[in-house]
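This report refers to the structure that appears directly beneath it.
The values are calculated or read from the model by the stated rules, or taken from the named source; none is laboratory data. Predicted model, so just to flag it, every value in this text is computed and none were measured. Ideal geometry is used to build each Cβ from the backbone, glycine not excepted, and the neighbour counts take in all protein chains shown. Calculation scope for accessible area: heavy atoms of the full protein, side chains included, ligands and nucleic acids excluded. Shrake-Rupley method; radii C 1.70, N 1.55, O 1.52, S 1.80 Å.
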Amino acid sequence: MLFYTINNAVIILWAAIFCFRKPTKSKNLIFILLAFSQLFMLMAFRTQIGFDYNMYTVAFRSMANTGFSTLTYKDWETGFIIFTKLLGLIPGCDYQMYMIVLSLIAILPAAIFIYKNSEVPWLSTILYVNMFMFFMSMNFLRQMIAVSLVLLAWHFMKNNRFILYAVIIVFASFFHQTVLVMIPVYFLVKMKPGIKELLIYGFILLWFYTASTNLIDLVTSFYHEEYRESVFIVEGLSFIYAILPIFITVAAFVLIKTETINLTRENKYLTNLTFIGTLMMITMSKHSIIERLSYYFIMFMIILVPVIYQSLKSKGIKYTTSNERVINLTSKKSRTALAVGFLLIILALSCLHFYYGLSENAHGAEVYKSWLHLFG
């Protein structure tokens, strides 16, 4: 745990130097370059990090040796198999080089996505690490590529260009089929978020949570039958992982109600994506396999958090209740207190998420090891 604490502390140090005081686009860019270069090095030169690490080691050697005589391997998607075989054709490309390429595919889209879309890049970067997007990218290698492509598809979602969005999602499904869940999501995010909608969503969540066992049983009767009655279906993960997403979702809905958050199309989509992701992270406390779906939404959560923070900082809260009582927290002192309080809660909950996960050896990343033998 100490190693990852130092890693986070260095990211905070970069943020303190470049972002805390009078941040600019150029300072944010320097921060992103430093922080994600640091993460890239840790990801690219790791060894035995990730429960699936050895499985991919064997797979790379097997697929590289067989060439294109076959385009099947286990139940893996064709796109990933072709991608791996193409890399295997490059002279001198061993497994370490393979990891370097995959790490670049994971890190570069995430860095660009945060730089272009986050109002507070340093905060989104900390959440990228603390909410396990960094660890996920070192474990679920096929899905990691699909997640990276979803970040590319975001541009077309928020600009209502469904055909191009769908093309990217379908292409991503050749790396991990679970990404197809993002097709219906395109239409779900268009609903206006509000308190009434939150109650409706809550009812849907309750129904989905209680009916999930039957739904999953139905799906696994014809798709990935090997998971039926497996530990991934009958056991869940800790509810602790849902606490931070629930807080973000509730805060967003309340602040939209008070008109603290400007309900632009982008903010509406981010809020709905966060809610859907929260639904997934609550349900994965019952069925751990749902964790796979949650990772398509976490990147949008970490973009929404700075929206909430900046909205509190710039506007505060002013709201007239049903009995005509006026809540006015718009003075500079109140706005600062609200923003700082929100920030501290977010950081505290993200640390709870992070360190609890490390104590459970989430994604097999508890003890960092590098092939350079510098850390383990």
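Quick rundown of the values:
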read-out: Test for residue 66: is it outside any helix (DSSP H, G or I) and among the polar types (S, T, N, Q); value: no
read-out: Flag for residue 90 being open to solvent by less than 70 Å² (accessible area, probe 1.4 Å) and aliphatic (A, V, I, L, M); value: no
read-out: The stretch 31-55, residues that are open to solvent by 30 Å² or more (accessible area, probe 1.4 Å), within 13 Å of residue 134 (Cα to Cα) and not hydrophobic (A, V, I, L, M, F, W, C); value: 37, 38
read-out: Count - residues of the stretch 243-282 that are touching a helix residue (DSSP H, G or I) at 6+ places or on another chain (Cβ under 7 Å) and free of Cβ contacts under 8 Å to residues at least 12 places away in the same chain; value: 0
read-out: Selection status of residue 66, open to solvent by 50 Å² or more (accessible area, probe 1.4 Å), free of Cβ contacts under 8 Å to residues at least 40 places away in the same chain, farther than 29 Å from residue 309 by Cα and β-branched (Val, Ile, Thr); value: yes
read-out: Scope the stretch 161-187; condition in contact (Cβ under 8 Å) with a residue 12 or more places away in the chain, outside any helix (DSSP H, G or I) and of a type outside the set (Phe, Trp, Tyr); matching residues; value: 173, 176
read-out: Residue match in the stretch 299-319 (condition: open to solvent by 60 Å² or more (accessible area, probe 1.4 Å), of a type outside the set (Ser, Thr, Tyr) and not in a helix (DSSP H, G or I)); value: yes
read-out: Selection count, the stretch 111-125, where residues are under 13 Å from the mean Cα position of the chain (by Cα) and either under 20 Å from residue 175 (Cβ atoms) or open to solvent by 10 Å² or more (accessible area, probe 1.4 Å) (or both); value: 2
